[in-house]
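Visitor: The structure that follows is given in the form of structure tokens.
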Amino acid sequence: MPETSNGIEYPDETGHARLWEHFETLADSINPQLGSPTTTVYLANDLWSKPAGAKWLVVEVQAGGGGGHNAVATGASQTSCGGGGQGGGYARSRLLASAVGATESVTVGAGGAGGGGTGGTSSFGSHVSATGGGGGNASAADGTPQAIAGGSVSQTIVGDVQAHGQGGGAGVKLGTSGAMGGQGGSAALGGGARGVATNGTGVAGGFPGGGGSGAANSASQVQRGGGAGGAGVVIVTTFF
């Protein structure tokens, strides 16, 4: 019986008289060559090695989320707040095993630190990558009503499927009566942190890649910290 270059047999015009027998032969030939896929989840930088018999890969990269900003210390009749961090960028690609190297560097982006830190880039070699979320901004301490912007930076993404992180929510000062910390922006795989009310410390962004929320202060308070962004992740599924 004739076969393809990969060893898959197929019937010719003399092989069978009935159509269903052609399909049965094809299925019986292909089935032994299909192995179960394996999935590896990377939480830290590492080196991926191509397994023997790999045919293609699905690679997902989620970058780290941005950190929410602090609420600075306040005096009498003053308030302060921080904006939320942006969610990290995301990319997904299907790659032929023959198109990647025997080994590929895996980089997992860290979450941005509370206080407005930028999230780190996640990547799989040069094939798939996404940059992290921007950190939130901080207001001054005074009695003026004001909205202070959350994190929002242009993200560079390489992949078949691309998703930019949601911008962080604005922090708001309500004159001298109180303040609210901005909520964190969501990422494709992780949720952003909830916003906080007056005298609240920022909340860490969800794993993976969610933005942290900003903090909020009323009058005569010490500095309160913004929430850190969620760390990134790289997921590689190999098909045999």
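Visitor: Over the chain, what is the relative contact order in percent, taking alpha-carbon pairs closer than 8 angstrom and at least six residues apart? It would help to have the intermediate numbers written out before the result.
Guide: On the way: 1052 pairs, mean separation 65.0, N = 240.
Once normalised by length, the contact order is 27 percent.
Visitor: Going 7 Å from the Cα of V41 toward and past its Cβ, which residues in segment 109-132 have a backbone nitrogen under 19 Å from where you end up?
Guide: From segment 109-132, the list is 109-111, 122-124.
Visitor: So if each residue of separation counts as 0.36 nm, and I subtract the Cα-Cα distance between S126 and Q223, what length gain in nm does that give?
Guide: So the extension gain works out to 30.8 nm.
Visitor: Can you compute the FRET efficiency between A99 and T237 using 1/(1 + (r/R0)^6), with r the Cβ-Cβ distance and R0 = 25 Å? Round to the nearest 0.05. Could the numbers behind the result be given before it?
Guide: Numbers: r = 16 Å, r/R0 = 0.62.
That pair, A99 with T237, gives E of 0.95.
Quick note: the coordinates plus some simple rules give every number you see, no bench work behind them. This structure is a prediction, so every number in the text was calculated from the model and none was measured. Here the Cβ is made from the backbone with ideal geometry for all residues, glycine too, and neighbour counts use every protein chain on show.
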